[in-house]
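The block underneath contains the structure these notes are about, expressed in structure tokens.
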Amino acid sequence: MESCIFCKIAQGEIPAEILYEDEQVVAFRDIHPQAPVHVLVIPRRHIATLNEAPAEEAELVGRLSLAAAEVARRLRIDQSGYRVVMNCNRDGGQTVFHIHLHLLGGRAMTWPPG
Ligand code: AMP
């Protein structure tokens, strides 16, 4: 999708600190980190929200979680722990409409979330 900022990051058209990438998934640091580790994991394919994720992309959606775990291992927060979140639409707080997991760690998370 031409105007999508995360598509542009996935295509290397705008810069990001990329920590992991493969044929289907890219992970890069969030520009406004909310924790010592704050990484976004996106599919290369544009999917606007989780609501639009087609059943045939179940594997791709699962790969996002596995990539988040891989990044957590690389950043050595896998044993201390971390949180993985996907926001959807207004009440979920989604601001970029290309699905992404937030990988948050490096400090204790609170619950319930705000
Ligand atoms: P969400 O509110 O769940 O849609 O999350 C969008 C996230 O994208 C926010 O945490 C932003 O800080 C982050 N973000 C927006 N633009 C960029 C960018 N160019 N590079 C890295 N992170 C970004």
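Within the group Leu19, Leu40, which residue is within 15 Å of the ligand (Cβ to nearest atom), touching a Leu at 6+ places or on another chain (Cβ under 9 Å) and farther than 18 Å from Val96 by Cα?
Details: Leu40 fails: farther than 18 Å from Val96 by Cα.
That would be Leu19, the only listed residue that is within 15 Å of the ligand (Cβ to nearest atom), touching a Leu at 6+ places or on another chain (Cβ under 9 Å) and farther than 18 Å from Val96 by Cα.
Hey, can you tell me all the residues within the stretch 63-98 that are in a helix (DSSP H, G or I), acidic (Asp, Glu) and closer than 23 Å to Trp111 by Cα?
In the first step, residues of the stretch 63-98 are kept if they are in a helix (DSSP H, G or I); the result is 63-74, 89-92.
This time we only want the ones that are acidic (Asp, Glu), so: 70, 91.
Result: Asp91, single match.
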Just a yes or no: is a residue in the stretch 91-101 within 23 Å of Ser3 (Cβ to Cβ) and open to solvent by 50 Å² or more (accessible area, probe 1.4 Å)? yes
When you go through (1) open to solvent by less than 90 Å² (accessible area, probe 1.4 Å); (2) closer than 22 Å to Gln11 by Cα; (3) more than 9 Å from the ligand (Cβ to nearest atom) one by one for Glu52, which number turns out not to apply? (1)
Tell me which residues, restricted to the stretch 78-87, are open to solvent by 40 Å² or more (accessible area, probe 1.4 Å) and more than 8 Å from the ligand (Cβ to nearest atom). Asp78, Gln79, Ser80, Tyr82, Arg83, Val84
Residues located in the stretch 3-37, provided they are in contact (Cβ under 8 Å) with a residue 12 or more places away in the chain, of a type in the set (D, E, K, R) and open to solvent by less than 70 Å² (accessible area, probe 1.4 Å): Asp22, Asp30
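Within the stretch 76-88, which residues are under 15 Å from the mean Cα position of the chain (by Cα) and not aromatic (Phe, Trp, Tyr)?
Taking the stretch 76-88 and keeping what is under 15 Å from the mean Cα position of the chain (by Cα), we get 82-88.
Once the filter is applied, which keeps residues that are under 15 Å from the mean Cα position of the chain (by Cα) and not aromatic (Phe, Trp, Tyr), the stretch 76-88 yields Arg83, Val84, Val85, Met86, Asn87, Cys88.
The values are calculated or read from the model by the stated rules, or taken from the named source; none is laboratory data. Everything numeric here is computed off the predicted structure, so don't read it as measured data. Virtual Cβ from ideal backbone geometry, glycine too; neighbours counted across all protein chains shown. For the accessible areas, the whole protein counts, side chains as well, though only heavy atoms, and no ligand, DNA or RNA atoms are used. Shrake-Rupley method; radii C 1.70, N 1.55, O 1.52, S 1.80 Å.
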